[in-house]
Amino acid sequence: MAQPTEVETSRQSSELLSEIASSEASADEDDLEKKHYEEVVAAFKHYRPFMNLRLHQKRKDFEALPLRHQLLLPRFVDHLSDVQHCVEHNNEIIKIIVENTDSMFVNRDDYNGPEKVSKRSKVNNGVGKLDMEKVLTTVKQFVRDWSQDGMSERQACYGPIIDEIQRRFPVEECNRDSVRVLVPGAGLGRLAFEIASLGYSCQGNEFSLFMLFASHFVLNRSVEVDCFTIYPWAHQFSNLRSSSQQIRPVTIPDTDPSGLREDADFSMVAGDFLEVYKKTAVWDCVATCFFIDTAHNILAYVETIYKILKPGGFWINLGPLLYHFENTAKEPSIEIAYDVLRQVILDFSFVMLREETIHTSYLQDQFSMLKYEYDCVFFVCQKPLHANETTHHTTTKDNEEQ
């Protein structure tokens, strides 16, 4: 594949993310990538009819009830109308997201898209069910990365990573803007944004066009704190403690993305991590959060991280091992337990400096009757300064490194 394209941060313009310049690709790749781009746009545009169909079916199900049962639910239809209002409002936000996708790419025909086109089961208008699920997940992702409601998850997941970066590259000992930090699987960009806000040179990398569209929107179209309102839980009808929970509004962003200093070095790169990052020994730190289990081959991730780190550079990781392609018939996948992965990391000559378990949730509605919690592994590894340096020294939460 041709070299994926970079979204550079430009403080000379009104946008945090400027155009994604594209590279040459084969004619077949161009067609597939353009098709996928159009599929993702179509999925966002299909949000309203998709939800309208669901709500219509729920009204029909209610009307099919015996009258005596309908009378026991006097607010049911009114509540569906409230949900409909939330959907309409979300759709206005989605319109803004879609309207700005063209400005992300210099030449959409030549765009080297992040995701491959695959066969999907279809809903109305030929939009894939999986793509619709991704649209709904993207709406919830705004909560985690850019709302006050997501603060607890960010503190649990991003906090340890940010603290460790500051510990390894303290302001009193280094010129922060010369420290290059890479965040693969950057999602909606909040972790990379926070690292850049501290003065480090930071680049986020994201594979999903759904996430790229959404991050471009929140970083470039936010004019002030809490300038947009979304209804992220309007799509959920199960495990509700109250009807009001489903139609609860959330405002974004909880911090002003334009607040970065004029000379901040912050950028986003679109594309497959393994395809984009091939230059050796160029990064001081690679920070991965809920990322490494997105691999078809997790060993390739470890190998690439080792190669791109400078000698003495750090790999900071936090996340579970919920392998994304497990049991996916048409997608190859290698799943290994953490103890096996840990030994692979050591076999690549990483020095294990720190290791502990951190409990956290992911995209969790704090008021839901159903909650998932991950026992995430948090580790800090260092690439040896010299090739023959393979000493394995581990510290835990209760045993700080000497």
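Quick rundown of the values:
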item: Residues (on the phi < 0 side of the Ramachandran plot and surrounded by fewer than 20 Cβ atoms within 10 Å (Cβ to Cβ)) located in region 281-292; result: Val282
item: Region 355-388 - residue that is assigned to a strand (DSSP E or B) and touching a Pro at 6+ places or on another chain (Cβ under 7 Å) and, of those, surrounded by the fewest Cβ atoms within 10 Å (Cβ to Cβ); result: Ile358
item: In region 163-178, the residues that are in contact with a strand residue (DSSP E or B) (Cβ under 7 Å, 6 or more places away or on another chain) and either within 27 Å of Pro253 (Cα to Cα) or buried (at least 24 other Cβ atoms within 10 Å of the Cβ) (or both); result: Glu164, Ile165, Asp177
item: Which listed residue is at pLDDT 95 or above and more than 30 Å from Gln84 (Cα to Cα), from Gly259, Gly185; result: Gly185
item: Which numbered condition Gly159 misses (of (1) in contact (Cβ under 8 Å) with a residue 12 or more places away in the chain; (2) over 21 Å from Ile308 (Cα atoms)); result: (1)
item: Residue ID - farthest from Glu275 (Cα to Cα), chosen from residues in region 179-192 that are in contact with a strand residue (DSSP E or B) (Cβ under 7 Å, 6 or more places away or on another chain) and part of a helix (DSSP H, G or I); result: Leu191
item: Tabulated pairs, region 192-214, first farther than 19 Å from Tyr158 by Cα, second of a type in the set (Lys, Arg) and in a helix (DSSP H, G or I), C-beta under 8 angstrom, 6+ apart or interchain; result: Ser208/Lys134; Phe210/Lys134
item: Extreme residue, surrounded by the fewest Cβ atoms within 10 Å (Cβ to Cβ), among residues of region 179-207 that are among the aromatic types (Phe, Trp, Tyr) and more than 10 Å from the chain's Cα centre (by Cα); result: Tyr200
item: Pairs, first within 27 Å of Ile305 (Cα to Cα) and aromatic (Phe, Trp, Tyr) in region 349-376, second modelled with pLDDT of 95 or more and crowded, with 19+ Cβ neighbours inside 10 Å, C-beta under 6 Å, six or more apart; result: Phe350/Cys381; Tyr374/Thr360
item: All positions within region 208-228 that are buried (at least 24 other Cβ atoms within 10 Å of the Cβ) and either of a type in the set (Gly, Ala, Ser) or outside any helix (DSSP H, G or I) (or both); result: Ala214, Ser215
item: Count of residues meeting criterion [in contact (Cβ under 8 Å) with a residue 60 or more places away in the chain and in contact with a Ser or Thr (Cβ under 8 Å, 6 or more places away or on another chain)] in region 259-294; result: 12
item: Test for Asn220: is it out of contact with any strand residue (DSSP E or B) (no Cβ under 6 Å at 6 or more places or on another chain), on the phi > 0 side of the Ramachandran plot and not aliphatic (A, V, I, L, M); result: no
item: Filter pass, Val269 being hydrophobic (A, V, I, L, M, F, W, C), closer than 20 Å to Arg190 by Cβ and in a strand (DSSP E or B); result: yes
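Listed here are the residues, each with its yes/no results for (1) hydrophobic (A, V, I, L, M, F, W, C); (2) within 29 Å of the chain's Cα centre (by Cα); (3) outside any helix (DSSP H, G or I).
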position: Val40; (1), (2), (3): yes, yes, no
position: Leu55; (1), (2), (3): yes, yes, no
position: Arg68; (1), (2), (3): no, no, no
position: Leu72; (1), (2), (3): yes, no, yes
position: Val77; (1), (2), (3): yes, no, no
position: Val83; (1), (2), (3): yes, yes, no
position: Cys86; (1), (2), (3): yes, yes, no
position: Asn90; (1), (2), (3): no, yes, no
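The values are calculated or read from the model by the stated rules, or taken from the named source; none is laboratory data. Only a predicted model underlies this, so the values are computations on that prediction, with no experimental measurement involved. All Cβ positions, glycine included, derive from the backbone under ideal geometry; neighbour counts span all protein chains shown.
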